[in-house]
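FYI, it's all coordinate maths here, none of it is from the lab. Note that this is a predicted model, so its numbers are computed, not measured. As a convention, Cβ positions derive from the backbone with ideal geometry for all residues, glycine included, and neighbour counts pool all protein chains shown.
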Amino acid sequence: MREYKLVVLGSGGVGKSALTVQFVQSVFVDRYDPTIEDSYRKQVEVDGQQCMLEILDTAGTEQFTAMRDLYMKNGQGFILVFSIIAAATFDELAGLHKQILRVKDTDTVPIVLVGNKCDMEQDRKVPRERGDELSARWKSTPYYETSARTRLNVDEVFHGLVRLINLQNPICRDRLLRKKRCKIL
């Protein structure tokens, strides 16, 4: 079984922990308790393959930013989260993205962009179009709008990131392409 190291990054209060806990435990955590670092493991099936996901839920507060280079160095794929009800959290993602590319020393890093809290549409400050534009600017990084509260698109984010990692690994990519070709025929 292949293991995947996923890292969840974003500003404080965007719902990184709520998203991660909802994925791993199917529970919504509605109280805000700033994270320093939490690690989770979950076995899932993605495209017929069993996978063990090791998910690192990181701190969003400024005092722990020194640890980010280490998270980025060890991570295989990244979930960059912002809150659709807080424009500043969206604006801060460009710096995280740049840091990931610098630490990984490549411009082909598996990354998904997540606009969380879409169940709070009435308070939206970041239009969906801004997420779509950033996704396109970052070489078609997939963009998901999620709600940790209602579980909307939560599994899709994590499974989508595993697929991106597989597409960058030639052996996995070939296996996926063969499987898709077989399904089509």
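Taking all pairs of distinct Cα atoms, average 1/r, flip it, and tell me the Kirkwood hydrodynamic radius of the range 49-122 in Å to one decimal place. Walk me through the numbers on the way to the answer.
Working: mean 1/r = 0.0731 Å⁻¹.
One decimal place: 13.7 Å for the Kirkwood radius.
Could you check how many percent of all C-alpha pairs in the range 82-123 are farther apart than 13 Å? Result: 59 percent of Cα pairs exceed 13 Å.
Residue pairs exceeding 28 angstrom between C-alpha atoms, taken from K5/K125; K104/K125; K104/K139: K5/K125; K104/K125. Note on the range 99-176: Cα-Cα pairs beyond 22 Å make up 33% of the total pair count.
Using r as the Cβ-Cβ distance of L70 and E121, and R0 as 30 Å, what FRET efficiency do you calculate, to the nearest 0.05? It comes out at approximately 0.25.
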